[in-house]
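The values are calculated or read from the model by the stated rules, or taken from the named source; none is laboratory data. Not measured: the values here are computed from a predicted model. Glycine also receives a Cβ, built like all others from the backbone with ideal geometry; neighbour counts cover every protein chain displayed. With ligands, DNA and RNA removed, areas are computed over all heavy atoms of the protein, side chains included. Shrake-Rupley method; radii C 1.70, N 1.55, O 1.52, S 1.80 Å.
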Amino acid sequence: MTIRSQLLKGILDGCVLAVIEKETVYGYELSRKLQEVGLADVSEGTIYPVLLRLQKNKLIIGKMIPSESGPNRKYYSLTESGKNALNIISEEWNQLSVPINALLLKGEDSNESK
Amino acid sequence: MRASELIEQNNQKREFLTEENEKYYSNLMIYIRTRLSLSEQQSEEVLMEMLEHLIEGQHDGKTARDIFGNDPKGYADEIISQLPPEEKRDLVKFFGQITINLIGWFLVMRSIVILLIGLTQEVDTTEYILPSIILVALILLLVTLGVKVIFALINRSAFDENTNEKMQMIKAGLYGAGGFLVIIVASYFIKDFGPSFEFPWTVSLGIGAILLLISWLMKKSLSYNPSAPY
């Protein structure tokens, strides 16, 4: 596993919650939106285990909408505890990202100077 | 949407897949469906999502490998680890329905056998309660075990390229024959004892038919589709 995909794995739940918070989406749409924002490394299939886990933890709910001719799509939306979880993840991320940026961007500078 | 409807639509929609994608997806599907302890509703929903995703991806020129990765078994295990177990209440209903169905067939077959033998000779229609219960319990046990064994066989061979289908059929056939033999031997050796009653074929047929009707109604009301896994 590459370092990037390891890092992503930890924060992917938060990313998925953030996309779903903006609007209800179905699986294919969700994977496209993640790639649009630049998370091209998320292989499309990885969202389904994540979606199942978030459903099991009652952070999102999915509704299967049947259709006669077109595709059956399961649309996901956040629950109240999903919104709370997203807020907590965002806060944690903010608290982590500032010091980590400071540390690792400096590291980049020193590498350049070698 | 109920699981049985999802299964039916899944069968139709798989036709849209290319040969390569169909093979990849079907293996995934068989592997997940043969895990009987998982919630059938949730399994079928995620299988339908993945199928729709694959069909949509196919339009954009992607293959199943591009979407779900190069390790289908590992991916399926990840899905399985996140699927909730079947609810106990549903499991009880499921096995209740199968039990009633089996007893129904048992009684119907009994009446037919008595009727056929009765054409040429006098038949003793006395039924001993305890031996009958033992026999029915034995049949139920063997059927449950048989379903588990056969599903485990299918489950294990889902991603095995070298699966010998003939060997699988022979194994399943041997199990069936063995089970049948056990029942015949048991019914031969279990002595008639305990309380008994007169149980003519007409009554047997009537009760059997009622039980089959009940099990059919139960099946219709369940979200389950207890028929073949694919």
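Miscellaneous remarks
- Take each residue of peptide B:53-65, count the partner chain Cβ atoms within 10 Å of its Cβ, and average: the result is 3.
- Cβ-Cβ FRET estimate between residue A:56 and residue A:84, R0 fixed at 25 Å, reported to 0.05: 0.90
- Nearby lysines by direct alpha-carbon distance to residue B:73 (threshold 17 angstrom, same-chain neighbours under 8 apart not counted): B:23
- Helices meeting the span-like rule in chain A (full DSSP H runs, Cα extent of at least 15 Å along the helix axis, mean Kyte-Doolittle score of 1.6 or higher) are absent.
- The range B:12-23 - phi-based ³J(HN,Hα) in whole Hz, Karplus 6.51/-1.76/1.60, Gly and Pro as x: 5, 6, 4, 5, 6, 7, 5, 4, 5, 5, 5, 5
- Solvent-accessible area of residue B:216, all protein chains in place: 130 Å² (probe radius 1.4 Å, heavy atoms, ligands and nucleic acids excluded).
- The rule of thumb for compact globular proteins, 2.2 N^0.38 Å, goes into the C-alpha radius of gyration of the protein assembly as shown 1.35 times.
- Computed over protein heavy atoms with a 1.4 Å probe, the accessible surface of the protein assembly as shown works out to 60 Å² per residue.
- Given R0 = 30 Å, the distance between the Cβ atoms of residue B:71 and residue A:37 translates into a calculated FRET efficiency of 0.70.
- 222 nm mean residue ellipticity, helices alone, for chain B (DSSP H n ≥ 4; -39,500 (n - 2.57); rounded to 500): -25000 deg cm²/dmol
- Difference of contour (0.36 nm per residue) and Cα-Cα distance, residue B:121 to residue B:166: 11.9 nm
- With both labels modelled 7 Å from their Cα along Cα-to-Cβ, the residue B:192 to residue B:91 distance reads 4.0 nm.
- Here the range B:165-187 and the range A:63-103 have alpha carbon centers that stand 51 Å from each other.
- Listed pairs B:62/B:171; B:13/B:88; A:63/B:148; A:74/B:219 exceeding 27 Å between Cα atoms: B:62/B:171; B:13/B:88; A:63/B:148
- Environment charge of residue A:3, counting only residues whose C-beta is closer than 13 Å and scoring Lys/Arg +1, Asp/Glu -1: +1
- Buried solvent-accessible surface, both chains (A, B), 1.4 Å probe, Å² to nearest 100: 2100 Å²
- Between helix B:201-221 and chain B: long-axis angle, C-alpha atoms, 0 to 90°, nearest 10: 20 degrees
- Modelled label reach - residue B:213, point 7 Å along Cα→Cβ, the range B:90-108 residues with backbone N closer than 20 Å: B:97-108
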